[in-house]
Every structure is written in C-alpha cells, then in structure tokens.
Amino acid sequence: MYAVSHTVISMTTTHLDHINHSDGFATRWTTWENEGLPNNLATRLRAIGTYSESAVALLIELTDELEANLAKRPPAGAVDRFISSTDDWTERLNRWACVRALECLDRLPCSPLPRPQWCPPEPNLRRRTFTDVEIGLVRHCSLGAATRAGAVGALDAGAASGELHGLTPTAVRRDDRGTPTHLEGKGTVRDVNFGYPIAAARTLEIPAWARSAFASLVAHAEPTELLLYSGNSNENLKIQSSILMGVKKVLTQAGLGDDPTVKPISIRNTAARRVYESGGIEAAARFLGHDDWMSVAKEIGIRKHLSARKR
C-alpha cells in the first residue's frame, strides 16, 4: 500500500465539465455564495469528532479559498478551478475531500459530485492510505449507522478484516464510566499466500470518535451476538464480506468509491501509518499484529509493491 505521495502529476482531461450544466448545480453554489459560510464551521467540524485539528485547520483554509473563487467565477467554474488549481496528488485529494465534507454538512444539499479521475503517482499503486482530511470524511460518513461506524472504527483501531466477524460484546473493554475503550482482537489465520501476514492477538484502542457507536452496539446485543453483523449466515467469510460491503458503502458515500486505489483496508493502514510516523516501524508492526516489517512497510506505503512481472 502507498501513502498519498506529494509527487506532482497531471490530471486526465476529464475535469468537472460533464457536470457544469447539471440541474441544480449552479443554484446550490449561488445560494452558498450569497449566504456565505457559517462562522461556526470549525465548531461544527470539531463537534462531529471525526476530524483531527490539522484536518479542521486545512478544511477552513481550503473553504476560504473556495469561497473566494465563488466570488470571482460562475459556480461550476469555481469548483473546477478550486480542485484543478494544483497538480499535487495530495492537495487534489484534500480539495476533493473538502468539497465532499461541505456536502456532508449540508452546505451543498444536492447529490454528490462525481469524482474526477486522477492518475495515481505510481502506475503500480494498488491501494493507498488516506490524507488527514479524507480519513476524517470517511469516519464522518460512517456515523449514520452504528454497525458501519463500528466497522470503520474497528479498522481505524487496527483490526484486520479477518477479525471483524468475531467481534462480540465480550470483546469490548470499558472504563470505570462504562465507556468502550478497547477491543480484544483475536488475531487472524489468513494464509500468507494471500499477501497478508497473520495478525497476532492483541488489544486495540477504540478511537474516541467511534466509542459511542460501540456503546450503542453493545447495549443492543447479547453477550455472544456479533456486533457488526445482523444477517443469518454462519460462515465467517460471508459475514466478513457483508461487513466489508458496509464499509465500501461508506467509502462510496465519502465520494471515494470510484477510486481504484481505495479499499476498506486503507482505513486500517492509514491508522498504522500514523503510528509509524509517531513511533517507527516497530510500533506500526505491533499495532497491526505483524512481525514481518517488510509487509508492514508495504501496507503503510513506505515501500513499493512490486508489479507482478517483478515479483
């Protein structure tokens, strides 16, 4: 997996031209331009709880720039200019996420804009980590359903996809006030031939933004009932697939569903990348439950995945 690169790249010829004349598009931006942004935008972002302080600061900065574009250009042209004003991969990802975040805040109440197609910084990029703004947006979009927020939260805590189907109320640890704070990950037994090393059993810290979702899930489940699945199957692979389909719907809602480099596991590996940046590769390996540092380096994007021809 790759972290988003700061490499300067070119965008395909498909900008936002195909939606410049869509119904309602100009109206919503004209309304926003006339009303201006609410002064409490930063407060609203912090209240949601899914965006880091650095993401909030960047969103405010980008929103100010977008509003300045709206004052000078027609609505569709302002958005096009805002997103395509840089060739930097990371900056474009953040600008797109900014537009989607504003839509999720009902500042843009119409249907989501189609995501433009960008060339990845590496031709062999199979999956990547998220930017700080993107991961806040993904968390934000999961909040509509406790099971989806729980699944995204578990991945954000470092759970492997193969651990999701085994989470029950007995795996949740609470503090003295009854707030869910940790998950007991049972580890995985996935064959390394699939490209993932086996994850060891370990204790996972539930991110603060996801704790209320886990509190709700535990409150409505029997001790042996699965937290993230409510279907009828008893097959682990089907249960896991169903949970991951819910995560994919969250990614689609965030506007990332058409990005071939985005996978549900990107959430887990984004969290591991943050651990790596603060504590190094050994800390990231412990977080993921792996002892293969080379695999960890690939997953968090500090080492390239070789193409099939070079393996």
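The values are calculated or read from the model by the stated rules, or taken from the named source; none is laboratory data. Everything numeric in this text was worked out from a predicted model, so none of it was measured. Quick reminder, even Gly has a Cβ in these numbers, built from the backbone with ideal geometry, and neighbours come from all protein chains shown.
Assorted remarks:
- Only one entry in A97, A68, A57 is modelled with pLDDT of 90 or more and more than 23 Å from A149 (Cβ to Cβ), namely A57.
- Unique match (being touching an Asp or Glu at 6+ places or on another chain (Cβ under 7 Å), free of Cβ contacts under 8 Å to residues at least 60 places away in the same chain and not assigned by TED's automatic domain parsing to the domain that holds A47) among T224, T203: T203
- Members of segment 259-293 that are small (G, A, S) and surrounded by 17 or more Cβ atoms within 10 Å (Cβ to Cβ): S266, A271, A272, A284, A285, G289
- Set E103, E91: member being within 30 Å of A149 (Cα to Cα), surrounded by 16 or more Cβ atoms within 10 Å (Cβ to Cβ) and modelled with pLDDT under 85: E103
- Residues that are in contact with a Lys or Arg (Cβ under 6 Å, 6 or more places away or on another chain) and aliphatic (A, V, I, L, M) within segment 267-301 comprise A297, I300, listed in sequence order.
- Some residue of segment 238-247 being among the polar types (S, T, N, Q), more than 21 Å from the chain's Cα centre (by Cα), part of a helix (DSSP H, G or I) and over 30 Å from V99 (Cα atoms): no
- Restricting attention to segment 57-87, the residues that are under 28 Å from G301 (Cβ atoms) and surrounded by fewer than 17 Cβ atoms within 10 Å (Cβ to Cβ) add up to 8.
- Close pairs from segment 232-251: first polar (S, T, N, Q), partner assigned to a helix (DSSP H, G or I), Cβ under 7 Å, at least 6 apart: S233/I239; N236/H165; Q240/S161; Q240/G162; Q240/L164; Q240/H165
- Hits in segment 255-293 - residues which are more than 14 Å from L155 (Cβ to Cβ) and either in contact with a Cys (Cβ under 6 Å, 6 or more places away or on another chain) or assigned to a helix (DSSP H, G or I) (or both): Y276, E277, S278, G279, I281, E282, A283, A284, A285, R286, W293
- Among the candidates R81, R95, the residue that is assigned to a helix (DSSP H, G or I), over 25 Å from S52 (Cα atoms) and without any contact (Cβ under 8 Å) to a residue 40 or more places away in the chain is uniquely R81.
- Among (1) buried (at least 16 other Cβ atoms within 10 Å of the Cβ); (2) under 25 Å from I265 (Cβ atoms); (3) at pLDDT below 85; (4) not aliphatic (A, V, I, L, M) - the single one H15 does not satisfy: (2)
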